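Reviewing the structure listed below.
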Amino acid sequence: MNFPVVEFPWLGNGTVIAIIAIIHVIISHGVAIGITTLMVTAEYRAIQTNNEQLRNVARKLSKWVLILTTTIGAITGVGIWFSTTVIQPDSIGSLLRIFFWAWFVEWVVFVTEVVLLIIYYYTWDKWEGAKRIIHNRIGVALAIFSWITAAIITGILSAKLTPGRWTETFSFWNAFFNPTYLPSLAFRTFLAVMLAVALLSFPIKIFVKNKSLQEDVFKVLGFWTAICLPGILISGLWYLQSIPPEAYDMIVWSTGMTDQVFKVLNLLGLFAFVIFAFWMVMKPKKLPLILSIAIFGTSMAFIAEFEAVRESVRKPFIIYDYMYANGVLAKNEELYKKEGYLKHSTFSKVKEVTEDNRAEAGMELYRGQCMSCHTVDGWREKRAFKQRLAGWDEESIASYIQTLHETRPFMPPFVGTEDELNALAHYLAEVTKKEPVSTALEGK
C-alpha cells in the first residue's frame, strides 16, 4: 500500500465506482453526445422545412442537455475522479503520469463544450430567417467538442486493457493510440447516439401529443438509428477482435450470467432494437408506448453490461500486463515474494509478521491485496469473505491462496512471503466468525 486505504464495507469499492461510472456514461454519452446530435439534427431539419414545432422540440431539448450535463454530468465526472483516487490511487497515479497532457487538453475541451452549450441555449432568438443556420452551426460545433471529449477519454480508458507497446516504450503515443482505441471510439460513438434514441423515444411518446410532430421527431431518431445500429454491430465485432484472447474469454463471466442466459438476453435485446428501428422508420405515428419503454430499459441494461464487461475483462490487471487489480506492479511480484509485501507497504502499520501480530498483519494484507475487489461482508456474496469462506480453516485458505491465480485466472497472484500468506489466511479465517477480527482491531 503506497497510499492510505478507503473501504466501503457493504457495497464494496468496485461497486461504488461502477454506480458513479454508469450514471456518468449515460449523461456523457447519451446526453452530451447523443441527444446533442439529435437536437442539432432536429433543428437543422426544422430550418430546412420551416417547421416551428420541431424547432421548439430542439429548443426544449437544449434546456435539458444544459441542466443534465452541467449538474449530474459534472458531479459524476468529479465523482469518478474522487472515488477512483481514494479507492485505486496506484492506478490513477500511473494514468496521470502517462496521460497528464491528454487530461489537460480534455479539460480545456470540456470547458469549451460548456461555453458553447451556454451560447447555444441562450441564443435561440438571436437570429431569424436564413440566419438561423448560424445558431445551428454553433450546435454542430457543440456536438463536435462533446465528441472530442469522449475521443480523448477513450484513448485513456482503452489503454488500460490494451496498452500495446507502451509496456516496452513507455511512450504516450503508444499508450494513447493503442490497439483498441479506434474500435472502442467507433463503438462508443454509435452507442452514444443509440442510447440517446432510447432515452428520447419514451418521453417523446408521452409528452408530445401532436402525432404529426411525433412523426417528425421519430424521423430524426430513425435516421440516426439506421446509421448507428449497424455501426454498433460492426464496431463491436471489430472491438472484440482487437482485445486480448484472455479478455475475450472472460466476457460472459464478467456479466455474472451463464453462457446460455447471456446469449438469450443479448439476442433478445438486439432483436428489440431491430424491431424498434424498423417500426420507427416505417410507422413512426404508430410506435407502441410499450416498445419505447422496453427499449429504454434494454438500453440501461446494455450500458450496465458494457461497463461491467469493460472493467472486468482486464482482470487480473487494472492496467494490462503492468499493474494488477489491487495496485501491485507486476514487475514487483518476485521482489515481494522474497522480501515481503508489508516491508514495502508505505502505509501498513505492520512491517513484519510475528506470532503476536498475525491478525493485524493479515488485515493489512487484506487491505492491500484483497480489498479492491472483495469485502468482509456485503451484498455480493461471491466477493464477501464472510459468506464465501464460511467453514474454511486456515490451512485450506492458505493452500487456496497459493494457487488462486491458477485456478481462477482473473485473480491476481498473492505476493508476499510464506509468513505473510499464513497471516492473511489467519485473518480471513477469523472474519467468518460472529465477531470479525477486523472489528476488534479497528477499535484499538
Long-range neighbours under 7 Å by Cβ, at least six apart or interchain, first residue among the acidic types (Asp, Glu) within the range 366-393, second surrounded by 16 or more Cβ atoms within 10 Å (Cβ to Cβ): Asp377/Ala384; Asp377/Lys386; Asp393/Ala429
Qualifying residue in the range 101-109 (condition: aromatic (Phe, Trp, Tyr) and surrounded by 14 or more Cβ atoms within 10 Å (Cβ to Cβ)): yes
Qualifying residues in the range 156-208 (those that are in contact (Cβ under 8 Å) with a residue 12 or more places away in the chain and of a type in the set (S, T, N, Q)) - the one nearest to Asn56 (Cα to Cα): Ser201
Answer residue from the range 258-274, given it is in contact with a helix residue (DSSP H, G or I) (Cβ under 7 Å, 6 or more places away or on another chain) and free of Cβ contacts under 8 Å to residues at least 24 places away in the same chain and is farthest from Gly297 (Cα to Cα) among those: Asp259
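Based on this model, can you work out whether Ala294 counts as modelled with pLDDT of 90 or more, over 29 Å from Gln48 (Cβ atoms) and crowded, with 17+ Cβ neighbours inside 10 Å? Full working, then the answer.
Details: modelled with pLDDT of 90 or more: no; over 29 Å from Gln48 (Cβ atoms): yes; crowded, with 17+ Cβ neighbours inside 10 Å: yes.
In short, no.
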Checklist (1) at pLDDT 90 or above; (2) under 30 Å from Asp216 (Cβ atoms); (3) under 22 Å from the mean Cα position of the chain (by Cα); (4) aromatic (Phe, Trp, Tyr) applied to Phe302, failing item: (1)
Test: residue in the range 422-434 that is assigned to a helix (DSSP H, G or I), among the β-branched types (Val, Ile, Thr) and at pLDDT below 90: no
Pick from the range 47-60, criterion in contact (Cβ under 8 Å) with a residue 40 or more places away in the chain and in contact with a Leu (Cβ under 9 Å, 6 or more places away or on another chain), ranking: surrounded by the fewest Cβ atoms within 10 Å (Cβ to Cβ): Gln53
Failed condition for Glu215, given (1) at pLDDT below 90; (2) in a helix (DSSP H, G or I): (1)
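What do you reckon, is Ile204 over 17 Å from Thr41 (Cα atoms), in the same structural domain as Trp147 (by TED's automatic domain parsing) and not polar (S, T, N, Q)?
Numbers: over 17 Å from Thr41 (Cα atoms): no; in the same structural domain as Trp147 (by TED's automatic domain parsing): yes; not polar (S, T, N, Q): yes.
Against the criterion (over 17 Å from Thr41 (Cα atoms), in the same structural domain as Trp147 (by TED's automatic domain parsing) and not polar (S, T, N, Q)), Ile204 does not qualify.
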Verdict on Lys337 being in a helix (DSSP H, G or I), within 29 Å of the chain's Cα centre (by Cα) and modelled with pLDDT under 95: no
Test set (1) surrounded by fewer than 20 Cβ atoms within 10 Å (Cβ to Cβ); (2) more than 23 Å from Val208 (Cβ to Cβ) - Ile67 fails condition number: (2)
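The values are calculated or read from the model by the stated rules, or taken from the named source; none is laboratory data. Small disclaimer: the values here were computed from a predicted structure and weren't measured. Because the Cβ atoms are built from the backbone with ideal geometry, glycine has one as well, and the counts that use them run over all protein chains shown.
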